[in-house]
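In what follows, a single structure is set out as structure tokens and then discussed.
The values are calculated or read from the model by the stated rules, or taken from the named source; none is laboratory data. Computed from a predicted structure; not experimentally measured. Here Cβ is always computed from backbone atoms with ideal geometry, including for glycine, and neighbour counts include all displayed protein chains. The area values use the complete protein model at the heavy-atom level, side chains included, leaving out ligands, DNA and RNA. Shrake-Rupley method; radii C 1.70, N 1.55, O 1.52, S 1.80 Å.
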Amino acid sequence: MALVTPWSVSLALIDAYSVFIKCLPRQPRVLLIVIVGDWALSFLSLAAACSTASVTSLLVNVGTPYCWSKLCSRYQFSAALAFLSWFLSFASTLFNLWLLPSL
């Protein structure tokens, strides 16, 4: 997940810059790099989400000595946000893949 944040921030800055100067990048090679990066990081974030969910499930099912109620709810919230991050990243990949043939 440490790779997802810089990748997303850099893409957001590039998108904001291109919107403000009103010059959208029209090179298929640049878009292909974005698609491959989004695709790879979406699967990495899916792996992180699945591992967070499995740890949360393990801690909840073991019982109270290993997991306090506040700690377990934080883990569950973290797993939900990780799956949301994966879903949005994969949606971005599919949208960019759909956009590629139009260039």
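Just a few scattered comments:
- Residue pairs whose Cβ atoms lie under 8 Å apart, separated by 6 or more positions or on different chains, with the first residue in segment 42-63 and more than 15 Å from Leu81 (Cα to Cα) and aliphatic (A, V, I, L, M) and the second in a helix (DSSP H, G or I) and open to solvent by 40 Å² or more (accessible area, probe 1.4 Å), are Leu59/Leu71; Leu59/Tyr75; Val60/Gln76.
- Residue check, Cys67 free of Cβ contacts under 8 Å to residues at least 12 places away in the same chain, touching a helix residue (DSSP H, G or I) at 6+ places or on another chain (Cβ under 8 Å) and not β-branched (Val, Ile, Thr): yes
- Residue count, segment 1-37 (criterion: open to solvent by less than 60 Å² (accessible area, probe 1.4 Å) and touching a Ser or Thr at 6+ places or on another chain (Cβ under 7 Å)): 2
- Filter pass, Ser54 being assigned to a helix (DSSP H, G or I), exposed (fewer than 12 other Cβ atoms within 10 Å of the Cβ) and modelled with pLDDT of 85 or more: yes
- From the options Trp39, Trp98, residue that is closer than 20 Å to Thr5 by Cα and of a type in the set (Phe, Trp, Tyr): Trp39
- Qualifying residue in segment 38-49 (condition: open to solvent by less than 90 Å² (accessible area, probe 1.4 Å) and touching an Asp or Glu at 6+ places or on another chain (Cβ under 7 Å)): no
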